[in-house]
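The values are calculated or read from the model by the stated rules, or taken from the named source; none is laboratory data. Keep in mind it's a predicted model, so treat the numbers as computed, not measured. Virtual Cβ from ideal backbone geometry, glycine too; neighbours counted across all protein chains shown.
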Amino acid sequence: MHQWYQQRFGQAGEPLTSLADGVATWPETATTVAVRLTATGDVEIRAPLGLQDLIKAVCRRNLRRVSKAEFRAEAAQDPASRSGGPVSRPARAGAE
């Protein structure tokens, strides 16, 4: 990551020390989650910033990686253009 990040984003990225360290740099806190199935069939979850934002469907920038300006610019884009398809969003309580 530290080798290509500067070319793409114009600032140096620090070398990552582990899987959890890498996941902790993802742009939104709700996406800083990795899940894998172990050799024994157990599910292992790495969530260095916790699971609350994911569970509550909160979109918040990761302070470690994303500036306010970058986050606002990304949030202003059409979600379908970012993901390659439609995005389903949970209905808000009381919304009609």
Do we have G94 as loosely packed, with under 12 Cβ neighbours inside 10 Å, over 17 Å from the mean Cα position of the chain (by Cα), assigned to a loop (DSSP other than H, G, I, E, B) and modelled with pLDDT of 90 or more here? no
The range 49-84, residues that are at pLDDT 85 or above, surrounded by 10 or more Cβ atoms within 10 Å (Cβ to Cβ) and among the β-branched types (V, I, T): V58
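Report, by residue number, each residue of the range 28-42 that is on the phi < 0 side of the Ramachandran plot and in a loop (DSSP other than H, G, I, E, B). Walk me through how you get there before you give the answer.
In the first step, residues of the range 28-42 are kept if they are on the phi < 0 side of the Ramachandran plot; the result is 28-40, 42.
If the condition is that a residue be on the phi < 0 side of the Ramachandran plot and in a loop (DSSP other than H, G, I, E, B), then T32, V33, T38, A39, T40, D42 are the ones that fit.
Filter the range 43-65 down to residues that are assigned to a loop (DSSP other than H, G, I, E, B) and on the phi < 0 side of the Ramachandran plot, then give me how many there are.
We begin by selecting, within the range 43-65, every residue assigned to a loop (DSSP other than H, G, I, E, B); these are 47-51, 56-60, 62-65.
Going one step further and asking which of them are on the phi < 0 side of the Ramachandran plot, we end up with 47-49, 51, 56, 58-60, 62-65.
Here the count works out to 12.
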